[in-house]
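Report on the structure given below.
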Amino acid sequence: MRAKVQDIMTSEVASVNGSTPFKDIAEVLIAHGVSAVPVVDAENHVLGVVSEADLLRKEEFREAFYAEGYRPPLRARLRHRLSEEGPDVRRKAAGDTAAQVMTAPAVTVFATTSAVMAARRMDEYGVKRLIVVAEDGTLQGIVSRRDLLKVFVRADADIAHELRQDVLNRSLLVETADVRVDVRQGVVTLSGRMDRRSRAQLAVRLVARVDGVVDVIDKLQWRRDDT
């Protein structure tokens, strides 16, 4: 079983509209205990996302601090100066509404996307969460890094059962009597004997793709080397 975003995402999502004031956005984040909220239009289409980092831009560039002799750390100043997002950062710092401070377009994903692909998309864009949308772009939920970790929180017995029934019996047509599957803390040990080396190698690859599998220890033997 390959977990999909719809299996692990949060469906009840707080959102704001483009005209929501800066202070109200901060209150929504605090009240719901989240680090970001999607910005939607009247038809619930996702326009962008506002995160804690977006709101904090205002503090980083607040002129009052400079008047008091405060300057951001050198690392922060260099980051903003060298970053291609420099003008965008200054725009957010001056913004007073969600539309003015949001990051757009939001990085989105469909509910039917696999959890693995969602994780890759997060890594590709360097974000901590993805906005889940329907095909028409309307909001369906949010999936976070923490949500993705849920695929690893599976009982060892459940993982072992899936490996024997779905991977070995159905996908590879292998009798489990000849192959032993041991799962401890998500680490799978495959031992026993298979007819061909290529099948044994395929078994290891397929097992590694199962949700909840942390690692695979290959102790399989084979009767014929056909590689």
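For the stretch 176-227, filtering for residues that are farther than 18 Å from residue 156 by Cα, part of a loop (DSSP other than H, G, I, E, B) and either among the acidic types (Asp, Glu) or touching a residue at least 24 places away in the same chain (Cβ under 8 Å) (or both) leaves 4.
For residue 170, are the conditions met, namely being at pLDDT below 90, under 30 Å from residue 219 (Cα atoms), assigned to a loop (DSSP other than H, G, I, E, B) and among the basic types (Lys, Arg)? No; evaluated as a whole, the condition is false for this residue.
Among residues of the stretch 43-58 that are under 18 Å from residue 105 (Cβ atoms) and in the same structural domain as residue 99 (by TED's automatic domain parsing), those with a Cβ under 6 angstrom from a residue that is among the charged types (D, E, K, R) and at pLDDT 95 or above, sequence gap 6+ or separate chain, pair up as 47/41.
Each row is one residue, and each column tells you yes or no for (1) out of contact with any Pro (no Cβ under 8 Å at 6 or more places or on another chain); (2) outside any strand (DSSP E or B); (3) in the same structural domain as residue 179 (by TED's automatic domain parsing).
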position: 123; (1), (2), (3): yes, yes, no
position: 127; (1), (2), (3): yes, yes, no
position: 136; (1), (2), (3): yes, yes, no
position: 140; (1), (2), (3): yes, no, no
position: 147; (1), (2), (3): yes, yes, no
position: 164; (1), (2), (3): yes, yes, yes
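Looking at the stretch 138-153, can you tell me whether even one residue there is at pLDDT 90 or above, surrounded by fewer than 18 Cβ atoms within 10 Å (Cβ to Cβ) and over 17 Å from residue 3 (Cβ atoms)? Yes: one or more hits. Residues that are in contact with a Phe, Trp or Tyr (Cβ under 8 Å, 6 or more places away or on another chain) and within 21 Å of residue 211 (Cβ to Cβ) within the stretch 94-149 comprise just one, 132. Beta carbons closer than 6 Å, at least 6 apart along the sequence or on distinct chains, pair a first residue in the stretch 102-114 that is in the same structural domain as residue 124 (by TED's automatic domain parsing) with a second that is of a type in the set (Gly, Ala, Ser) and in a strand (DSSP E or B) for 102/48; 103/48; 104/48; 106/48.
The values are calculated or read from the model by the stated rules, or taken from the named source; none is laboratory data. Just so it is clear, the structure is predicted and the values come from calculations on it, not from any experiment. No Cβ is skipped: glycine too gets one built from the backbone with ideal geometry, and neighbour counts run over all protein chains shown.
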